[in-house]
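The values are calculated or read from the model by the stated rules, or taken from the named source; none is laboratory data. This structure is a prediction, so every number in the text was calculated from the model and none was measured. Here the Cβ is made from the backbone with ideal geometry for all residues, glycine too, and neighbour counts use every protein chain on show.
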Amino acid sequence: MYKFAHLADCHLGAQKYPELKELELKAFKECLDICMEEEVDFIIIAGDLFHSNLPDMGVVKEAVGKLSEVNKKGINIYINYGSHDFSPNQTSIIDVITESGLMKKLFQAKVFEDESGEEMIKLNFTIDPKTKAKLTGISGRKMGIDDTYYDMLDRKSLEEEKGFKIFVFHTAIRNLLPEYLIKMEGMDINKLPRNFDYYAGGHIHKRICEDKMNDYGVITYSGPLFSGYPRDLEISAKGEKRGFFIVEFDEESHDIKSCEDLTFIQLDLASYLYLSFQADHKNSNELYDEIKAKIEEKSVLDEIEGRIIILKVKGELSGGKTSDINFYEIRKHLKGEGAIHVSINHHGLVSREFVGVKVKGETNEEIEENLFLENIDNIKVPLEELNNKKGAQLASRLLKVIRQNPKPNEKKSDYTNRILKESLDVLGFEDDLFNK
């Protein structure tokens, strides 16, 4: 039997608070320590090892030190860019580390023309020397630009390749998104090449495993090792387990039959306490008093020490201003009772006394659509059907088209014409109008 580890979304360097920064690095080091103890044959990092393409060098030094330990054990580490690792204009830290030999980058591609003259992308396989597993994949890029790679992908050569195959990717598959991320930008599952035994995903910050669908093998997201965003901490506080996968495969059959064949290694780095408050029908003083009373209850006080506290406040105040609630004092009290870290989310708290556009949302797409909805009344559009949610969604779709970058080797004129045509398609104009 062989085995490998699949991790993703470490986001090293994301945390600014010292206590969270320490846990962030601890998660990465503990993960690799377990990989060495388990004597895995190789490790896959499915993107976003760092939170930035040029992160703090102190963080890099810590990470490289642990990667060196793994390298000395003879364990190969395979990696692709995540959307945070990628740099379109300068060298990423991932390139520096892979040049040192501590990791091997999987995304190796060349552009060619097919029989009809269309440009295609052919991916090369990296063969793990010990297990003979064949690995390939596509790196992640911001704003869904990696979609163009999947559109141009030579699937035939990938799908016909024999042997035990792993596809590493860093993008959201819409078919697998949890409900709270349903508006997240992503692609359809059918864009993935078929006939791979294992699909190692990154980018979605939630553990997901999908058993074989049609001609796809097991498709997985390991989720973050710790946290890249405040929302990750909130989800962890609600019970989500963080960690990575260890996958065993047979030397003979190389078959991973289902998600049950995977072992999820949970990293228990910290305990959490989640406190939620609803502002509806309360003024600012009433809500503040309610929060203070709750965090001073003995049952709550007994749970604070040594924990990460997530305090969420949302809703509309019946009176007073949000600034009347002294969140500084609330945080100070919780820290004084021994909390490791206190994260207070009051972005969803609004006041009736404040009139203005306050746009909220979990994703960029949701924020933009809400922004359009908030402002639609200020724009007098002749077509009445556009003065509602449909108009906001149309504007959001059009913005997504205009944001696209040129495809690899695409001429400027072809790029301009493509964007114009796709924009007209969104607006519902016929092709003959474009041709004129």
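All of Asn124, Asn71, Asn80 fail the test of being touching a residue at least 12 places away in the same chain (Cβ under 8 Å) and out of contact with any strand residue (DSSP E or B) (no Cβ under 7 Å at 6 or more places or on another chain), apart from Asn71.
Looking at Lys156, is it under 21 Å from Tyr221 (Cα atoms) and surrounded by fewer than 18 Cβ atoms within 10 Å (Cβ to Cβ)? The answer is no for Lys156. Just to be sure, is Ile304 out of contact with any Asp or Glu (no Cβ under 7 Å at 6 or more places or on another chain) and either at pLDDT 95 or above or more than 23 Å from Gly239 (Cα to Cα) (or both)? Spelling it out, it is not the case that Ile304 is out of contact with any Asp or Glu (no Cβ under 7 Å at 6 or more places or on another chain) and either at pLDDT 95 or above or more than 23 Å from Gly239 (Cα to Cα) (or both). For segment 229-266, a residue qualifies if it is out of contact with any strand residue (DSSP E or B) (no Cβ under 9 Å at 6 or more places or on another chain), outside any helix (DSSP H, G or I) and closer than 16 Å to Pro178 by Cβ, and the qualifying residues are Tyr229, Glu240.
Summed over segment 207-221, the residues that are without any contact (Cβ under 8 Å) to a residue 60 or more places away in the chain and either within 20 Å of Leu153 (Cβ to Cβ) or assigned to a strand (DSSP E or B) (or both) give a count of 10. Looking at segment 26-51, which of its residues are assigned to a loop (DSSP other than H, G, I, E, B) and either of a type in the set (A, V, I, L, M, F, W, C) or closer than 20 Å to Val96 by Cβ (or both)? Val40, Ala46, Gly47, Asp48, Leu49, His51, listed by residue number.
Being of a type in the set (Lys, Arg), surrounded by 17 or more Cβ atoms within 10 Å (Cβ to Cβ) and over 29 Å from the mean Cα position of the chain (by Cα) is the requirement here; does Lys294 meet it? It is false that Lys294 is of a type in the set (Lys, Arg), surrounded by 17 or more Cβ atoms within 10 Å (Cβ to Cβ) and over 29 Å from the mean Cα position of the chain (by Cα).
Residues of segment 130-161 that are β-branched (Val, Ile, Thr) and either modelled with pLDDT of 95 or more or under 25 Å from the mean Cα position of the chain (by Cα) (or both): Thr136, Ile138, Ile145, Thr148. Of all the residues in segment 1-25, those that are crowded, with 16+ Cβ neighbours inside 10 Å and not in a strand (DSSP E or B) number 12.
The residues in segment 267-307 that are of a type in the set (Lys, Arg) and part of a strand (DSSP E or B) can be counted, and the count is 1.
Scanning segment 308-352 for residues that are acidic (Asp, Glu), farther than 24 Å from Tyr17 by Cα and in a helix (DSSP H, G or I) gives a single hit, Asp324.
Given the structure, is Ile204 among the aliphatic types (A, V, I, L, M), at pLDDT 95 or above and not in a helix (DSSP H, G or I)? Criteria not met by Ile204.
Is it true that Asp48 is in contact with an Asp or Glu (Cβ under 9 Å, 6 or more places away or on another chain), surrounded by 16 or more Cβ atoms within 10 Å (Cβ to Cβ), touching a residue at least 60 places away in the same chain (Cβ under 8 Å) and in the same structural domain as Phe107 (by TED's automatic domain parsing)? In short, yes. Just one of the listed residues (Leu176, Leu153, Leu135) is in contact with a Ser or Thr (Cβ under 8 Å, 6 or more places away or on another chain) and of a type in the set (A, V, I, L, M), and it is Leu135. Quick one: is Ile376 at pLDDT below 75, over 28 Å from the mean Cα position of the chain (by Cα) and in a helix (DSSP H, G or I)? So Ile376 passes the test.
If I ask for residues that are under 19 Å from Thr263 (Cβ atoms) and without any contact (Cβ under 8 Å) to a residue 40 or more places away in the chain, which ones from segment 178-206 would you list? Let's see the steps before the verdict.
Of all residues in segment 178-206, those under 19 Å from Thr263 (Cβ atoms) come to 197-202, 206.
Of everything in segment 178-206, those that are under 19 Å from Thr263 (Cβ atoms) and without any contact (Cβ under 8 Å) to a residue 40 or more places away in the chain turn out to be Tyr199, Lys206.
Pro408 meets the conditions (1) within 25 Å of the chain's Cα centre (by Cα); (2) at pLDDT 75 or above in every case but one. The failed one is (2). Restricting Ile235, Ile256 to residues that are over 21 Å from Gln15 (Cα atoms) and either in the same structural domain as Phe327 (by TED's automatic domain parsing) or buried (at least 16 other Cβ atoms within 10 Å of the Cβ) (or both) narrows the list to Ile256.
Could you grab me the full set of residues in segment 304-332 that are closer than 19 Å to Ser271 by Cβ and surrounded by fewer than 18 Cβ atoms within 10 Å (Cβ to Cβ)? Give the steps one after another, and end with the answer.
Our first condition is that a residue be closer than 19 Å to Ser271 by Cβ; within segment 304-332, this holds for 304-312, 331.
Hits for segment 304-332 are Glu305, Gly306, Arg331.
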